[in-house]
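Trainee: First, the structure itself, so that you have it in front of you.
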Amino acid sequence: MQCEEAALQSTRGDAVALVGVNATGKVTGLLFELTVEQRYRNSTGANIEAVCTFPLPHDATLLDLEVEIGGKTLKGVIVEKRAAEASYEDAIDAGNTAIMLECAANGMLTANLGNLLPGEAARLRYSYAQLLRFEHDLVRLTVPTVIAPRYGDAAAAGLQLHQVPVTDLAVGYPVTLSIELHDALAGGRIASPSHAIATRHAGDRIVVTFDPSATLDRDFVLTVGELAGRSIAIVQQDADQYVALASFYVDETGGVADAPLRLKLLLDCSGSMAGDSIDAARRALHRILAALTAEDAFSFSRFGNHLCNDTKGLVCADERAIRDVARRLGIVEADLGGTEMESALLGVFGLDCEGAADVLLVTDGEIWAVDSLVTAARTADQRVFIVGVGSAPAEDVLRRLAEATGGACEFVTLGEDPEAAIVRMFQRMRAPRIARASVAWPSAPAWETTLPGGIFGGETVHVFAGFARPPEGRAELRVSESRNEERAGSIVSLPVATRTTSSLARIAAAERLRTLDSESRLSLALHHSLMTDQTNVLIVHGRADAERARELPSLCVVPQMLAAGWGGVGGVKFCLSCYEDDVVYSYGPDPLPAVRNTGHPLAAPAGTGHDWIQAFLLALDLATRTNAALPTTFDDLERLGLPAVVLGELRALTASGHDEAEIVAAFVLAMNGYAPHFGAGRQLRRALRRHASITPCAPGIRQAVAGALSCSVSNTGA
């Protein structure tokens, strides 16, 4: 915990570089495009590297990045990830300013602004596009703004040290947001369950402006209801090819499934759900219980650190069983500790395995371990339906889980009545299951994207395809329900007119990436300028020699605001002034990455004498987050926690006539060899690399230090 507190403390005070955020967007048809401007300022007297991790909506495609700095506006370029990181570091070492945007994990991006000089300001603007969908008579649009604290190991989820979000209750970031609604959505019933809004007519469009006093403490949610769902088709030219998007509004059969529901209810009672979230979960579950019939069977389980089954397997949903679970639900609290979601789901999957069953999970989804969770759920052959609750639920986590199992996801923000979401969820679960689906295009496509695992009547399914010539005619979605004949699920006519903008082709390319091999993914991402886990966006702002940074920047991790109502701390209307300025909240285990053996010649298996290197590099990493100075004396090494046996071997070298300063310098050079292979963070690797390039060290002293380290490793491993 001390390491965690040190990491959090390094982000506080005047070094917090984010000033505020402005965002403007528009919805045309079902295409939502948003431009977000983040304003940064270095109000310290030292050169800094501002690092900000922020969320992106599920399935959104990044379109552009530009930075305004020093009176110049610079455009971002997509570069292969390793090349981008090398160019970024070269620019930092040269004293220039570099900006790099990279994928973190699970719907998160990390912006890096290196060498932001004292008093300097920068504006970072990025744009993204997202396809919305009809859900019966409703379209729901969410703009995520904050990453709530998550449970588990961030490093295991693929985040590097500098990318790990930290939370600080003392910070506050103002944000403004306005969205234009065009076409059919301009005629719907507009509401927001998350913020106060104002609407005004501007010709044939509606402009929605959110509460101007808003901050980055909750997601923006806009709903447009009372709509007539319809299918839409768009064709766009992409160089000498054409891309078609068919947005099928799937017809409803009006029928019901042959068998009653077999439903396993699973409630997240971990600590992050305390307060407003568990209240919202109770309301949702009471609505769910009320929607069950006496022919249905259900179970009720809760989880946190462990799974609690409150019914003995699946029981008949008669009046007595519903009353018993409702009574128990009334006293449920979020008091079961950490969010061990994977083990809980596996336990629930194993309940009464005879016959098909669905799982209905109510959670905020605040976990890091997503990939293993999705893999485990996919093999269970049970659909997972999810009600995500809270002011900033982990949308990407929950949608990935639902899609992988053929289920669906609804979200209920704090204070929102869950009834409409629960009604839609039961309509999905009670509808006949669609076993197979395919699209018949008017001509054979060169490629097409895959259909989702879960297709439900009254909702939109997006499918892309590529053609050599503009496709004309009908595109038809055909579906087959279990044991039934294939039928038309939806039909749409492809237009002759084409669009010349590139956003649709890039969204299609981003969707295609899911099914390609690594080499093909990289090639397609570079061709369409897409940011992925293999590519970054890079900008280098070259400076005149007299304006270049002379020292390495101090790392300034921009902390998250605490999500409103998270973990029972405050509520959706809480005021920051109610809390002490020095309170820092975090959740789960230390956010620092676990060190893993990588087979490097210097590395040794866990449990051997090399374990002290892991601990020492971790302490050194934390020290260089706020001060790039490396140790120069034995006392410095002792303060950093270097084991006494290692320090003793180094001190003994002075008896051979070696100077203390050169012994420590040689020791630091040795650490430079270990750092890349023991999970050291970017700031430390950079400082060690700079040290190695400018510090003369005779071969004799380096060999002597290497010998001392070999001896100390044997001693500490004994």
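Trainee: Can you pull out every residue in region 165-193 that is crowded, with 20+ Cβ neighbours inside 10 Å and acidic (Asp, Glu)?
Mentor: Asp168
Trainee: Checking the condition over 30 Å from Pro149 (Cβ atoms), touching a strand residue (DSSP E or B) at 6+ places or on another chain (Cβ under 9 Å), assigned by TED's automatic domain parsing to the domain that holds Ala394 and hydrophobic (A, V, I, L, M, F, W, C), which residue from Ala284, Ala294 passes?
Mentor: Ala294
Trainee: Give me the residue from region 371-392 that is buried (at least 24 other Cβ atoms within 10 Å of the Cβ) and touching a residue at least 60 places away in the same chain (Cβ under 8 Å) and, out of that set, nearest to Pro149 (Cα to Cα).
Mentor: Among residues in region 371-392 that are buried (at least 24 other Cβ atoms within 10 Å of the Cβ) and touching a residue at least 60 places away in the same chain (Cβ under 8 Å), the one nearest to Pro149 (Cα to Cα) is Ala392.
Trainee: On the basis of being outside any helix (DSSP H, G or I) and at pLDDT below 80, does Ala623 make the cut?
Mentor: The answer is no for Ala623.
Trainee: For region 302-324, enumerate the residues that are within 30 Å of Ala148 (Cα to Cα) and crowded, with 20+ Cβ neighbours inside 10 Å.
Mentor: Within region 302-324, the subset within 30 Å of Ala148 (Cα to Cα) is 302-310.
Listed by number, the residues that qualify are Arg302, Phe303, Gly304.
Trainee: Kindly evaluate Ala196 against the criterion of being small (Gly, Ala, Ser), within 27 Å of Lys26 (Cβ to Cβ) and surrounded by fewer than 20 Cβ atoms within 10 Å (Cβ to Cβ).
Mentor: yes
Trainee: Another question, if that's okay. Can you confirm whether Ser438 is more than 24 Å from Leu267 (Cβ to Cβ), in contact with an Asp or Glu (Cβ under 9 Å, 6 or more places away or on another chain), in a loop (DSSP other than H, G, I, E, B) and of a type outside the set (Lys, Arg)?
Mentor: Against the criterion (more than 24 Å from Leu267 (Cβ to Cβ), in contact with an Asp or Glu (Cβ under 9 Å, 6 or more places away or on another chain), in a loop (DSSP other than H, G, I, E, B) and of a type outside the set (Lys, Arg)), Ser438 does not qualify.
Trainee: Could you check Ala228 against (1) outside any strand (DSSP E or B); (2) touching a Gly at 6+ places or on another chain (Cβ under 9 Å) and say which number it fails?
Mentor: Answer for Ala228: the failing condition is (2).
The values are calculated or read from the model by the stated rules, or taken from the named source; none is laboratory data. Source: prediction; values computed, not measured. Every residue, glycine as well, gets a Cβ built from its backbone with ideal geometry; the counts of neighbours run over all protein chains shown.
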